[in-house]
1. Within the group L39, L68, which residue is closer than 26 Å to D138 by Cβ, surrounded by 15 or more Cβ atoms within 10 Å (Cβ to Cβ), modelled with pLDDT under 85 and not aromatic (F, W, Y)?
2. Which residues, taken from the stretch 128-151, are at pLDDT below 85 and surrounded by 15 or more Cβ atoms within 10 Å (Cβ to Cβ)?
Amino acid sequence: MKGFTAFNSEKRVFIIPPLTFNDAVKQRRRWLWGHLRILKEKLLPLPNRLRLAFFEFFGLGLFTLSTLGVPLHYLGLITMPETLLPFTWSSLLLWFGIRGYAIGKNMGLKHAITGVLTSYATVTLNFIVNAIGLIKGDPKKFDVIEKQWVD
């Protein structure tokens, strides 16, 4: 909207993913609050804003309900109505199925099994990082994660 373009750097930049927990929180916080700002300031047309809000917050809600809800229910830490259990189980199994299929299609069965088993932990960690970013509030500035210049 303001005339900026991608790939407009004078030098090549190799962007590394966040390698520390603090960098991960910084990145996810920036992304999450950027999305909230887009919604609040109406920077996109309404259909795009609705799609962004749906996918952003439906994912966090579905994760909380199914991925955390199932184990917490069976550990006795929360009480969940019996009518919700089929939905939580089916969403959890669907998530594992899609994850396994996507990885297996590209990398094979061994990687698909490993990916499904480790994705529960990695997605839970991602949820925690997002929750911390939400609790910490709007960064109000663009915090940069370390970049390396490539000559």
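1. Values: L39 fails: modelled with pLDDT under 85.
None of the other options fit; the residue is L68.
2. Let us first name the residues in the stretch 128-151 that are at pLDDT below 85, namely 140-151.
I145, the sole residue that qualifies.
The values are calculated or read from the model by the stated rules, or taken from the named source; none is laboratory data. Here the structure is a predicted model, which is why all the values come from computation and not from measurement. Note that each Cβ is placed from the backbone with ideal geometry, even for glycine, and that neighbours are counted across all protein chains shown.
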